[in-house]
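Q: Have a look at this one.
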Amino acid sequence: MDNCLGYQCSICHQEYDISDSLYTCRKDGGNLDIFLDVGCLRKNFIPEDILFTQENSIWRYLPLLPVKDPGQFATPFRSVGCTPIYQPKQLVADLSLENLWIKDESKNPTASLKDRASALVVAKAMELNKETIVTASTGNAGAALAGMAAAVNCRAVIFAPKTAPIAKIAQLLVFGASVYLVDGTYDDAFELSIEVSNEFGWYCRNTGYNPYTVEGKKTISFELWEYFHRHPTFKKPEIRWNILVSVGDGNIISGIHKGFMDLIDLGWLAQPPRLFGVQAEGSASISNAFFANNTDIKPVVAKTIADSISVDLPRDGFRALRSIRESQGQAIVVSDKEILQSIASLGKVGIFSEPAGAAAYAGLIKALANGFIQEDEFVIVINTGSGLKDINAAIQSVPKAPIIEPTLNAFKKVVKL
């Protein structure tokens, strides 16, 4: 913890000591940013300290994280991050984008990017000697918490809307979490989880509430920096690079932006990439505010096939808007139809994406069509989770398989040669 100076409110900029037990700003309820002791880090670390470490997880970035070494070797908790990055030739050809990469977060232990946040939160809970962690989730965040908590023998309590995909609920139960299905929305579950946390003194993991969630998610920025640090072409300042990621409550894109800004403060990166926040049409409150050129985020009645980004009132919307604007990026809105088409497109190159992950790829297609990204620029699309999380959506994205009699003639009638 010697590498951190404290918290700062993202709205009023009020500062708090890092030893304070806080979730949000005491003055206005704003989300808190954790700021590093840049002077200390510059004095004691250089990029090579990370580039040459043997640790193969997010814990390779421990000097840049606001928690102590959590230990727990040889568990799923210790294997979060360092996910693969692909350059699918077919998509490169289809989009005429020579420099296109897909960062695949489905390879995390519980199959989504949310493992990064949950690992940090569990590590912090261990520091605070908290034995129970509670969260609200549409599925992925809860599964990530349940999995990470199980790996270190910690209790997880999850509140999820009763409409959450059954595959995600199954993960929660298999990991041994105490699961409560709420007859209401994600936002209803969110409010209930905070009440429960306050009543019983349990540690709350809620996205856009606990400041350590952003700190976990920023590690994806470190991995991208590290990957492209080894490619000299990316050091050319005249070539822009762009990151597209789906946005629900706004916490992931806020974490990505925070990671790159930390690297810039350290002098390890010259300029941040542009961030493109992609939302579903039925859950576009952050995009609406972006297009209206203001910071007043008005809630919507969310309805989209992409349950992971289906949010009425985004809890990290202010920082999400800040991330897009400060990086000179763009908000993009896509339809459920475009999301389903993108699930199929990614599947044809061997990437099985849940709807929220496919939304980012759908956003890329729209960004190219609108001229936001040029064909000679570098592009990274982040697939946030596995398609196994939502089989119903996957089935809707592809044609039905024919049922045939077990004969050669029956096969000949339907086969396409």
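The values are calculated or read from the model by the stated rules, or taken from the named source; none is laboratory data. No experiment lies behind these values; they were computed from the predicted model shown. We place every Cβ from the backbone using ideal geometry, glycine too, and count neighbours over all the protein chains shown.
Q: For the range 135-156, how many residues are surrounded by 24 or more Cβ atoms within 10 Å (Cβ to Cβ) and either touching a helix residue (DSSP H, G or I) at 6+ places or on another chain (Cβ under 7 Å) or at positive phi (or both)?
A: Let us first name the residues in the range 135-156 that are surrounded by 24 or more Cβ atoms within 10 Å (Cβ to Cβ), namely 135-149, 156.
With the extra rule that they be either touching a helix residue (DSSP H, G or I) at 6+ places or on another chain (Cβ under 7 Å) or at positive phi (or both), the set shrinks to 135-136, 138-149, 156.
Count: 15.
A quick yes/no check of all residues on (1) within 21 Å of Pro211 (Cβ to Cβ); (2) surrounded by 19 or more Cβ atoms within 10 Å (Cβ to Cβ); (3) within 19 Å of the chain's Cα centre (by Cα); (4) at pLDDT 95 or above:
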site: Lys236; (1), (2), (3), (4): no, no, no, no
site: Ile243; (1), (2), (3), (4): no, yes, yes, yes
site: His257; (1), (2), (3), (4): yes, yes, yes, yes
site: Gln271; (1), (2), (3), (4): no, no, no, no
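Q: Taking Tyr7, is it at negative phi, in contact (Cβ under 8 Å) with a residue 24 or more places away in the chain and of a type outside the set (A, V, I, L, M, F, W, C)? So that I can check it myself, show each step before the final result.
A: Values: at negative phi: yes; in contact (Cβ under 8 Å) with a residue 24 or more places away in the chain: yes; of a type outside the set (A, V, I, L, M, F, W, C): yes.
Taking the combined requirement at face value, the residue satisfies it.
Q: Limited to the range 86-109, what total is found for residues that are more than 13 Å from the chain's Cα centre (by Cα) and outside any helix (DSSP H, G or I)?
A: 11
Q: Going residue by residue through the range 86-102, is there one that turns out to be more than 30 Å from Phe372 (Cβ to Cβ) and basic (Lys, Arg)? Working first, answer last.
A: So in the range 86-102, the residues more than 30 Å from Phe372 (Cβ to Cβ) come out as none.
Looking for residues that are more than 30 Å from Phe372 (Cβ to Cβ) and basic (Lys, Arg), one finds none in the range 86-102, hence no.
Q: When you go through Ala141, Ala170, Ala125 one by one, which is the residue that is modelled with pLDDT under 95, of a type in the set (A, V, I, L, M, F, W, C) and under 28 Å from Phe222 (Cβ atoms)? Can you show your working first?
A: Details: Ala170 fails: under 28 Å from Phe222 (Cβ atoms); Ala125 fails: modelled with pLDDT under 95.
Matching residue, one of Ala141, Ala170, Ala125: Ala141.
Q: Also, quick follow-up: Output the residue which, of all residues in the range 104-128 that are in contact with a strand residue (DSSP E or B) (Cβ under 6 Å, 6 or more places away or on another chain) and either aliphatic (A, V, I, L, M) or surrounded by fewer than 24 Cβ atoms within 10 Å (Cβ to Cβ) (or both), is nearest to Asn153 (Cα to Cα).
A: Top of the filtered list is Ala125.
Q: Oh, and also: Go over the candidates Ser178, Ser197, Ser193, Ser246 one by one and state the one that is among the polar types (S, T, N, Q) and in the same structural domain as Pro273 (by TED's automatic domain parsing). Give the derivation first.
A: Working: Ser178 fails: in the same structural domain as Pro273 (by TED's automatic domain parsing); Ser197 fails: in the same structural domain as Pro273 (by TED's automatic domain parsing); Ser193 fails: in the same structural domain as Pro273 (by TED's automatic domain parsing).
Exactly one of Ser178, Ser197, Ser193, Ser246 is among the polar types (S, T, N, Q) and in the same structural domain as Pro273 (by TED's automatic domain parsing), namely Ser246.
Q: Quick one: is Thr207 assigned to a helix (DSSP H, G or I), of a type outside the set (Lys, Arg), under 18 Å from Thr138 (Cβ atoms) and within 12 Å of the chain's Cα centre (by Cα)? Working first, answer last.
A: Values: assigned to a helix (DSSP H, G or I): no; of a type outside the set (Lys, Arg): yes; under 18 Å from Thr138 (Cβ atoms): yes; within 12 Å of the chain's Cα centre (by Cα): yes.
Here the answer is no, as Thr207 does not meet what is asked.
Q: Could you check Gln330 against (1) farther than 27 Å from Gly142 by Cα; (2) surrounded by fewer than 19 Cβ atoms within 10 Å (Cβ to Cβ); (3) not β-branched (Val, Ile, Thr) and say which number it fails?
A: Here Gln330 clears every test but (2).
Q: Report those strands (runs of 3 or more DSSP E) wholly inside the range 124-186 carrying at least 2 residues which are under 21 Å from the mean Cα position of the chain (by Cα) and under 23 Å from Thr384 (Cα atoms). Please lay out each step first, then the result.
A: Details: elements: 132-136, 155-161, 178-182.
Per the criteria, 132-136, 155-161.
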